[in-house]
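Asker: One structure follows; several queries about it will come next.
Since every read-out is calculated from the coordinates, none of them should be taken as a lab result. Everything numeric in this text was worked out from a predicted model, so none of it was measured. Cβ placement follows ideal geometry from the backbone for every residue including glycine, while neighbour counts extend to all protein chains displayed.
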Amino acid sequence: MNHLANSPELLALDALIDKAGSRLVSEVVTRIEVDGHSLPLWCLSLGNRSPDVPAIGFFGGVHGVERIGSQVLIAYLGNLVERLQWDVTLHDLLTRLRLVFIPIVNPGGFLRGTRANPAGVDLMRHAPVEADGDVRWPLGGQRLSPHLPWYRGALGEALQPEAEAVFKVVRERLLPHRFSLAVDCHSGFGFRDQLWFPYARTQQPLPHLAEAEALRALFNRTYPHHSFYLMEPQCLNYTTHGDLWDFLYDEARQQQPEKLFLPFTLELGSWAWMKKNPRQLLDPMGLFNPLLPHRHERVLRRHVTLFDFLQQACVSHRNWLPQGAERVLHEQAAMARWFS
Ligand SMILES: [Zn+2]
C-alpha cells in the first residue's frame with residue numbers, strides 16, 4: 001500500500017470500503033494501470049435498484065488535483081455508513097431511492113498529482129462532443145499534445161478507461177430509472193460554489209431548462225440561507241469540447257425521451273480560499289484545495305445540506321417537476337435570467 005501514501009484519498013476510500021462491509025455494494029468497475037500499480041476504480045451503491053424508483057449519482061476526482069471534491073464525497077459516504085447503523089429515516093429513504101457513488105474517477109491522476117489521467121487526457125474534455133461557437137483555446141480542449149493542459153486525446157481513439165467507467169455506471173445504474181440526477185464535484189473556478197447544469201458545449205439552452213430552473217427555485221425556497229450557491233448553465237462561464245455530462249445528457253434524452261436525467265457539476269469556488277489565504281498560491285495543490293484546517297473542515301460539512309436536499313428532491317420529483325402552464329413559466333423565467 002506504500003505507493004498510495006501520496007494520495008490519502010485513495011487510502012481513505014479503501015478504509016471506508018473496509019469499514020462499511022456489506023452496508024455498501026462495492027464494485028471495481030475497472031482497474032487503472034499506472035507506474036507499475038493497478039488501482040481499482042470503485043463504484044459504491046446502496047438503496048433500491050428497482051427502475052420504478054429514482055436514482056442519484058455522486059462523482060468526484062475526475063481531475064487528479066481537485067482532491068477536495070473526492071474528500072467531500074468520502075466524508076459524506078462516511079456519514080451514510082454511520083447512519084446506516086441507527087437511522088431509520090435513512091433506511092426509509094433508501095427504499096425509495098438508489099444511490100450511486102464514484103468518489104475517485106481518476107485514481108491514476110490522484111496517485112501522480114495530475115489533473116489529467118495517466119495518459120495525459122483531461123477526462124472532462126474527452127467525450128465525443130464538439131462544441132459550437134467560440135471555444136477558448138486551449139482551455140476548451142486541444143488535440144495538439146498530452147503535455148499541454150486540457151488535452152482531449154487523439155481524434156478517433158478509444159475512450160479512456162475512466163470515461164468508459166463513468167459511461168458504464170451512468171448507463172447501467174442511473175439511466176434505467178425514470179428520473180435520475182448526477183452531481184460531479186470539482187474545484188478551482190470562481191469565488192463562489194457553483195452548481196452548473198448543461199450545456200458546456202453550446203450557448204443554447206438545454207431542453208430541460210424548465211426542470212433545472214424549477215430545481216434551483218425549489219432549493220432557494222427550501223434553503224433561503226444557502227445563497228452561497230450560484231446555480232446556472234455552465235456555458236455562461238465558458239464552453240468546452242468533450243464534456244462527459246453533455247454527452248450523457250444528450251444520449252439519455254435521445255434514447256429514452258420518456259425519462260429524465262439531469263446532471264450537475266458542483267464547482268467549488270477555490271478562488272475564495274486563495275483570497276482569504278494567499279499563501280495557498282505557493283502550493284500547487286492550494287490552487288484547488290483548502291489548506292487551512294478550519295477551512296478544510298468547513299468545506300467538508302458545507303455541502304451536506306445540498307446532497308441531502310438533492311436526494312429528497314429526487315425521491316419527491318413528482319411534487320415539483322413543473323407541468324403544463326407552470327413549466328412554461330419556469331422556462332420563460334430561465335430564458336429571461338440566463339439567455340436574454
Ligand atoms: Zn475539475
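Asker: Inside the range 185-194, can you point out the residues that are surrounded by 24 or more Cβ atoms within 10 Å (Cβ to Cβ) and either away from the ligand (no atom under 16 Å from the Cβ) or not small (Gly, Ala, Ser) (or both)?
Answerer: Result: 185, single match.
Asker: Still on this structure: Does residue 338 satisfy the condition of being touching a residue at least 24 places away in the same chain (Cβ under 8 Å), more than 16 Å from the chain's Cα centre (by Cα) and more than 16 Å from the ligand (Cβ to nearest atom)? I'd like the intermediate steps shown before the answer.
Answerer: On the way: touching a residue at least 24 places away in the same chain (Cβ under 8 Å): yes; more than 16 Å from the chain's Cα centre (by Cα): yes; more than 16 Å from the ligand (Cβ to nearest atom): yes.
Here the answer is yes, as residue 338 does meet what is asked.
Asker: Still on this model: Part of a loop (DSSP other than H, G, I, E, B), free of Cβ contacts under 8 Å to residues at least 60 places away in the same chain and crowded, with 23+ Cβ neighbours inside 10 Å - does that describe any residue in the range 195-204?
Answerer: Scanning the range 195-204, I find at least one residue that is part of a loop (DSSP other than H, G, I, E, B), free of Cβ contacts under 8 Å to residues at least 60 places away in the same chain and crowded, with 23+ Cβ neighbours inside 10 Å, so the answer is yes.
Asker: Residues that are small (Gly, Ala, Ser), within 16 Å of the ligand (Cβ to nearest atom) and out of contact with any strand residue (DSSP E or B) (no Cβ under 7 Å at 6 or more places or on another chain): does the range 252-271 have at least one?
Answerer: So the first thing to find is which residues in the range 252-271 are small (Gly, Ala, Ser), and the list is 252, 269-270.
Applying the additional criterion that residues be within 16 Å of the ligand (Cβ to nearest atom) yields 269-270.
After this cut, where a residue has to be out of contact with any strand residue (DSSP E or B) (no Cβ under 7 Å at 6 or more places or on another chain) as well, the list is none.
No, because not a single residue in the range 252-271 is small (Gly, Ala, Ser), within 16 Å of the ligand (Cβ to nearest atom) and out of contact with any strand residue (DSSP E or B) (no Cβ under 7 Å at 6 or more places or on another chain).
Asker: Taking the criterion of being touching a residue at least 12 places away in the same chain (Cβ under 8 Å), of a type outside the set (D, E, K, R), out of contact with any Lys or Arg (no Cβ under 8 Å at 6 or more places or on another chain) and more than 12 Å from residue 77 (Cα to Cα), would at least one residue in the range 39-46 satisfy it?
Answerer: Yes, some residue in the range 39-46 is touching a residue at least 12 places away in the same chain (Cβ under 8 Å), of a type outside the set (D, E, K, R), out of contact with any Lys or Arg (no Cβ under 8 Å at 6 or more places or on another chain) and more than 12 Å from residue 77 (Cα to Cα).
Asker: Search the range 220-242 for residues that are free of Cβ contacts under 8 Å to residues at least 24 places away in the same chain and pair each with any residue that is loosely packed, with under 13 Cβ neighbours inside 10 Å when their beta-carbon atoms are under 6 Å apart and the residues are at least 6 apart or on different chains.
Answerer: Nothing qualifies.
Asker: Look through the range 131-184, keep the residues that are under 30 Å from residue 304 (Cα atoms) and β-branched (Val, Ile, Thr), and return whichever of them is surrounded by the most Cβ atoms within 10 Å (Cβ to Cβ).
Answerer: 166
Asker: So, one more: Which residue is farthest from the ligand (Cβ to nearest atom), if the candidates are limited to the range 154-170 and must be in contact (Cβ under 8 Å) with a residue 40 or more places away in the chain and of a type outside the set (Val, Ile, Thr)?
Answerer: Restricting to residues being in contact (Cβ under 8 Å) with a residue 40 or more places away in the chain and of a type outside the set (Val, Ile, Thr), the top hit is 168.
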